[in-house]
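Below: the structure, in structure tokens.
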Amino acid sequence: MGGRWELGAAAGGSLLLCAALLAAGCALGLRLGRGRGAADRWALVWLCYDALVHFVLEGPFVYLSLVGSVANSDGLIASLWKEYGKADARWLYFDPTIVSVEILTVALDGSLALFLIYAIVKEKHYRDKVAWGE
């Protein structure tokens, strides 16, 4: 024990980006939730953050994987996925299973989050059935 724990620049940048997405999701969700109950406001916060993560973090991963590889890419998002790839190299190079799951996650989960945001903001009658499967 007694070893020093250090946070690398890539890890720090990815944490900062995730914190910025959380702050943006909170701000957007609370703004959209004005005049609504606490449950709706916090659902909007979560759904806004969820949509941002799917489209801002996972979407570029899919793009980088389809046009090349994360390992050969530069930029903040690529550095985030390179950090993730230190634990599992399948995230660095095109792995059909990982990319397929991420395509589904971005397309379906991200779209569902936007759909639910719309349903809550517009007070659609089906919002609870879609969100909770009732």
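For Cα extents along the principal axes in Å, computed directly from the structure shown, the correct entry in (i) 72, 27, 18; (ii) 41, 38, 28; (iii) 49, 38, 27 is (iii).
Sorting PHE94, PHE55 by solvent-accessible area of protein heavy atoms yields PHE94, PHE55, largest first, with a 1.4 Å probe.
Within the chain, the whole DSSP H helices whose Cα atoms reach 27 Å or more along their own axis and whose mean Kyte-Doolittle score is at least 0.5 are 9-32. Solvent-accessible area assigned to carbon and sulfur over the range 4-119 amounts to 67 percent, based on a 1.4 Å probe. Computed with a 1.4 Å probe over protein heavy atoms only, the accessible surface of the chain comes to 63 Å² per residue.
Ligands, DNA and RNA aside, ASP95 has an accessible area near 40 Å² when probed at 1.4 Å. Under the convention that each Lys and Arg Cβ holds +1 and each Asp and Glu Cβ holds -1, the size of the dipole of the chain around its Cα centre is about 480 debye.
For LEU92, nonlocal amide neighbours, meaning residues 5 or more places apart or on other chains whose placed amide H falls under 5 Å from its own, do not occur.
Cross-link reach is defined here as a Cα-Cα straight distance under 15 Å, omitting same-chain residues fewer than 8 places apart; for LYS82 the aspartates and glutamates meeting it are GLU58, ASP74, ASP95. Accessible surface comparison of TRP46, TRP91, probe 1.4 Å, protein chains only, largest first: the order is TRP46, TRP91.
The values are calculated or read from the model by the stated rules, or taken from the named source; none is laboratory data. Values in this document were obtained by computation on a predicted structure and should not be read as measured data. Backbone-built Cβ (ideal geometry, glycine too); neighbour counts: all protein chains shown. Heads up: the accessible areas ignore ligands, DNA and RNA and are worked out on the full protein's heavy atoms, side chains in. Shrake-Rupley method; radii C 1.70, N 1.55, O 1.52, S 1.80 Å.
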